[in-house]
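Engineer: Sharing a structure here in C-alpha coordinates format.
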Amino acid sequence: MKSPGKADARQVLQMMRWVARTRISHLRENVTFHDNDRRNYYLRQYEERLAQIERLIRHISIALVEPPDEKPDK
(Lines give C-alpha, C1' and ligand atoms only; values in the text may rest on other atoms or scores of the structure.)
Protein backbone atom coordinates (compact mmCIF):
# COMPACT_ATOMS: atom_id res chain seq x y z
CA MET A 1 0.00 0.00 0.00
CA LYS A 2 1.31 3.41 -0.96
CA SER A 3 2.04 5.82 1.89
CA PRO A 4 0.37 9.22 1.75
CA GLY A 5 2.46 11.96 0.19
CA LYS A 6 3.09 15.53 1.20
CA ALA A 7 0.13 16.74 -0.85
CA ASP A 8 -2.17 14.38 1.07
CA ALA A 9 -0.71 15.56 4.39
CA ARG A 10 -1.29 19.15 3.34
CA GLN A 11 -4.95 18.41 2.56
CA VAL A 12 -5.41 16.80 5.96
CA LEU A 13 -3.80 19.80 7.66
CA GLN A 14 -6.02 22.18 5.70
CA MET A 15 -9.08 20.28 6.90
CA MET A 16 -7.78 20.39 10.47
CA ARG A 17 -7.25 24.14 10.08
CA TRP A 18 -10.83 24.58 8.90
CA VAL A 19 -12.16 22.59 11.87
CA ALA A 20 -10.04 24.59 14.33
CA ARG A 21 -11.12 27.92 12.82
CA THR A 22 -14.76 26.85 12.94
CA ARG A 23 -14.48 25.74 16.55
CA ILE A 24 -12.70 28.97 17.53
CA SER A 25 -15.48 30.95 15.88
CA HIS A 26 -18.12 29.01 17.82
CA LEU A 27 -16.29 29.47 21.10
CA ARG A 28 -15.90 33.20 20.52
CA GLU A 29 -19.61 33.46 19.74
CA ASN A 30 -20.34 31.47 22.92
CA VAL A 31 -21.87 28.56 20.98
CA THR A 32 -20.94 25.96 23.60
CA PHE A 33 -22.29 24.09 26.60
CA HIS A 34 -19.19 24.88 28.66
CA ASP A 35 -18.94 27.53 31.37
CA ASN A 36 -16.76 30.59 30.72
CA ASP A 37 -13.63 29.16 32.33
CA ARG A 38 -13.78 25.96 30.31
CA ARG A 39 -14.73 27.90 27.14
CA ASN A 40 -11.69 30.16 27.55
CA TYR A 41 -9.46 27.14 28.15
CA TYR A 42 -10.66 25.43 24.96
CA LEU A 43 -10.38 28.68 23.01
CA ARG A 44 -6.71 29.03 24.01
CA GLN A 45 -6.05 25.39 23.18
CA TYR A 46 -7.62 25.68 19.72
CA GLU A 47 -5.77 28.92 18.99
CA GLU A 48 -2.44 27.31 19.93
CA ARG A 49 -3.23 24.23 17.84
CA LEU A 50 -4.26 26.41 14.89
CA ALA A 51 -0.91 28.21 15.02
CA GLN A 52 0.88 24.84 14.97
CA ILE A 53 -1.21 23.62 12.04
CA GLU A 54 -0.54 26.78 10.05
CA ARG A 55 3.23 26.41 10.65
CA LEU A 56 3.08 22.83 9.41
CA ILE A 57 1.11 23.87 6.31
CA ARG A 58 3.73 26.52 5.51
CA HIS A 59 6.52 24.01 6.03
CA ILE A 60 4.90 21.43 3.76
CA SER A 61 4.06 24.08 1.14
CA ILE A 62 7.69 25.14 1.02
CA ALA A 63 8.79 21.51 0.74
CA LEU A 64 6.36 20.89 -2.12
CA VAL A 65 8.00 23.55 -4.27
CA GLU A 66 11.10 21.96 -5.70
CA PRO A 67 13.93 24.07 -7.06
CA PRO A 68 14.45 23.91 -10.82
CA ASP A 69 17.11 21.57 -12.11
CA GLU A 70 20.35 23.45 -12.38
CA LYS A 71 22.25 22.10 -15.35
CA PRO A 72 25.38 23.89 -16.49
CA ASP A 73 25.21 25.22 -20.05
CA LYS A 74 27.67 23.52 -22.37
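The values are calculated or read from the model by the stated rules, or taken from the named source; none is laboratory data. Remember, predicted model here, so these are calculated numbers, not experimental data. All Cβ positions, even for glycine, are placed from backbone atoms using ideal geometry, and neighbour counts span all protein chains on display. The protein model used for the area step is the full one, side chains on, heavy atoms only, and it has no ligands, DNA or RNA in it. Shrake-Rupley method; radii C 1.70, N 1.55, O 1.52, S 1.80 Å.
Engineer: Which pairs turn up if I take residues in the stretch 48-74 that are open to solvent by 100 Å² or more (accessible area, probe 1.4 Å) and look for partners that are modelled with pLDDT of 65 or more with beta carbon separation below 8 Å, at least 6 apart in sequence or on another chain?
Structural biologist: R49/A20
Engineer: Cβ-Cβ below 8 Å, separation at least six or inter-chain, first residue in the stretch 19-47 and in a helix (DSSP H, G or I), second modelled with pLDDT of 95 or more and hydroxyl-bearing (S, T, Y): which pairs?
Structural biologist: Correct list of pairs: A20/Y46; R23/Y42; R23/Y46; I24/Y46; L27/Y42; L27/Y46.
Engineer: Only one of these is at pLDDT below 95 and in contact with a helix residue (DSSP H, G or I) (Cβ under 6 Å, 6 or more places away or on another chain): I62, I24, I57, I53. Name it.
Structural biologist: The unique qualifying residue is I57.
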